[in-house]
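Quick notes on the structure that follows.
Every read-out reported here was derived from the displayed coordinates using simple, explicitly stated rules and does not represent laboratory data. Just so it is clear, the structure is predicted and the values come from calculations on it, not from any experiment. For neighbour counting, all protein chains shown are included, and Cβ atoms are generated from backbone atoms with ideal geometry for every residue, glycine included.
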Amino acid sequence: MIRFRDLSIKLKLISVQLFTTLFILVFFVGIYLFVQYRQFETNAYDRMATLAEILGSNSISALLFFDDDAAEDVLESLATQPDILSAVVYDHNGEVFASYTQPDHVDTTLRDIVEGKYTHDDHLRLTQKIIFDNLKVGWITLDLDTSNRRSELVETLGQAVLLFIAGLILAALLAIRAQKPISDSIMNLAGTAQKVRDTRDYSLRVEATSQDEIGQLVDSFNDMLEKMWHHEKHLADLVSERTLELEEAKTRAEESDHLKSAFLASMSHELRTPLNSIIGFTGILLQGMAGPLTDEQKKQLGMVKGSASHLLELINDVLDISKIESGRIEMHGEEFKVDLLLVMAVSSLRPFAQKKGLPLDLDIAPNLPKLKSDKRRLEQILLNLINNAIKFTSEGSVGVKCYLRDEFLIIDVIDTGIGIKEDDLKTVFETFRQIDGGLDRVKEGSGLGLAISKKLSELLGGTLSVTSEVGSGSTFTVALPIVLEAEEVDHD
Ligand code: ADP
């Protein structure tokens with residue numbers, strides 16, 4: 001149902017005026033009809049009282065001499081008053097003495113005496129005493145027909161209804177015209193506000209047509225639009241200024257990023273060549289190819305080779321991350337059996353685990369499909385994760401599990417090591433992040449391994465995630481999508 005307050009201002013104004021008119025019409029016509037009827041009643045009773053007075057005094061001698069015929073004659077004179085339906089004269093005992101009924105009227109007169117006046121059906125009835133010499137000699141009752149008067153009133157009511165309708169139509173026409181100046185300016189204001197909202201065009205203005213409160217509203221609204229227009233213009237200037245600055249800054253940043261990556265790549269390359277020579281030549285020396293070495297010399301040279309290899313690993317990591325960040329790394333997809341890759345990775349790190357007295361278990365689910373991915377990069381991820389697991393575990397075990405879940409190949413690297421604090425879990429994959437990092441760090445590393453592994457996993461279309469509990473251990477999970485090629489499915 002539509003509520004009054006949801007109507008448009010136009011309809012509201014029209015209906016308020018119509019309701020007011022209707023109310024006034026009903027009120028005054030009602031009062032008019034009521035007054036009319038009351039007046040008729042008063043006049044009628046006055047007339048009946050006068051008649052009763054005359055008829056009563058004319059009946060006195062008949063009553064005194066018990067001459068009911070004479071009384072009947074007196075009442076006969078009512079033949080000239082057709083709206084007096086009946087009349088009865090009672091003797092002083094209250095017995096009917098004489099009566100008269102209009103010729104075509106069925107006598108409905110009540111025979112008991114109720115003094116005074118009252119209305120009864122369509123009649124007005126008046127009963128009063130007949131007094132002679134201060135003595136009550138009888139009563140007289142007159143009955144007046146009011147049905148004519150009633151139908152007259154009903155007729156008047158019918159005319160009033162017609163007047164109502166005409167009045168309402170007139171009021172509606174007037175209301176439609178009268179509300180126009182008010183509703184037009186409000187609707188104009190609302191329309192412009194809507195347009196401003198839709199188009200955000202703050203140069204629009206509403207035309208003020210009056211000096212009243214609506215006119216004030218229009219002025220304030222226009223004033224507000226003016227301010228918004230200036231504000232928006234200022235904002236637009238500011239935004240384009242800042243955009244320009246940002247674009248310049250972005251270009252500079254991209255340039256310097258590019259330069260940084262190029263620098264890192266060439267530096268790493270320049271560093272790798274001499275390092276490879278150091279490692280190569282130290283190897284030759286250690287193998288005794290350049291002559292015998294004392295045990296102390298072997299020990300010292302072994303340390304040189306270890307440090308050089310570590311440095312080479314760091315440089316390789318830096319090179320990888322700079323390639324990933326500058327987007328210059330490419331993935332090479334090939335089909336391979338992941339079981340073999342896992343066996344090789346685990347075997348190559350087993351000596352490292354054995355040195356720490358840790359078992360390194362491998363658990364591969366049967367019937368795994370071939371994987372299409374970058375084998376070398378996956379190997380790099382796995383070596384890094386298993387290496388970390390061993391590095392950060394001093395007792396318990398390290399395990400690798402491989403299985404299928406939904407459309408993904410899952411590789412879990414599980415350890416029972418020191419674990420990672422909840423706060424650190426958020427930053428563990430960031431570059432150069434080492435938890436408890438510092439110069440007095442016990443474990444060596446670049447802080448790049450996990451960052452590289454995560455980015456590589458994502459470049460392979462998968463994810464790398466971690467769950468960990470301090471003191472209980474960590475589980476790093478690589479999930480890679482499996483794309484089953486039509487041929488493979490047929491084959492299987
Ligand atoms: P790093 O070369 O220092 O190992 P990573 O990126 O591989 O660098 O690891 C970042 C840090 O995350 C490590 O320094 C270590 O504090 C924490 N971390 C990585 N793997 C583990 C693990 N298996 N158990 C506990 N902490 C780990």
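Before moving on, here are some points about what is shown:
- Angle between the chain longest axis and helix 295-325 axis [Cα atoms, degrees, rounded to 10]: 30 degrees
- Subset of 355/426; 356/426; 372/455; 323/455 violating a 20 Å alpha-carbon distance limit: 355/426; 356/426
- Angle in degrees between helix 449-459 and the longest Cα principal axis of the chain, rounded to the nearest 10: 60 degrees
- Farthest positive-ward along the chain dipole, Cα basis, beta-carbon charges - from 383, 419, 222: 383
- Ordering of 114-127, 406-419 by burial proxy (mean other Cβ atoms within 10 Å per residue, highest first): 406-419, 114-127
- Percentage of interatomic Cα-Cα distances in the range 175-313 larger than 27 Å: 63 percent
- Binning the C-alpha pair distances of the range 6-57 at 10 Å intervals from 0 yields a P(r) profile of 21, 22, 18, 15, 12, 8, 4, 1 %, listed from the shortest bin outward.
- Taking amide hydrogens as placed 1.01 Å from N in the peptide plane, the amide H of residue 99 sits under 5 Å from those of 89, each at least 5 positions away in sequence or on another chain.
- Residue-span extension gain [residue 194 to residue 226] - 0.36 nm each, minus C-alpha spacing: 9.9 nm
- Kirkwood hydrodynamic radius over Cα pairs of the range 286-402, then Stokes diffusion coefficient at 10 °C and 1.306 mPa s, in µm²/s: 93 µm²/s
- Helix axis angle, 338-355 relative to the chain longest principal axis, alpha carbon, degrees: 60 degrees
- When DSSP beta bridges are restricted to pairs lying wholly in the chain, around 90% turn out antiparallel.
- All-pairs Cα distance distribution in the chain, expressed in whole percent, bin size 10 Å: 3, 11, 12, 9, 6, 6, 7, 7, 6, 5, 5, 6, 7, 6, 3, 1, 1, 0, 0
- FRET efficiency, residue 219 to residue 2 (Cβ-Cβ, R0 51 Å, nearest 0.05): 0.95
- P(r) tail for the range 195-242: Cα pairs beyond 15 Å make up 52% of the total.
- Under the simplified labelling scheme, the residue 406-residue 92 pair shows an inter-label distance of 12.0 nm, with each label point 7 Å from Cα along Cα→Cβ.
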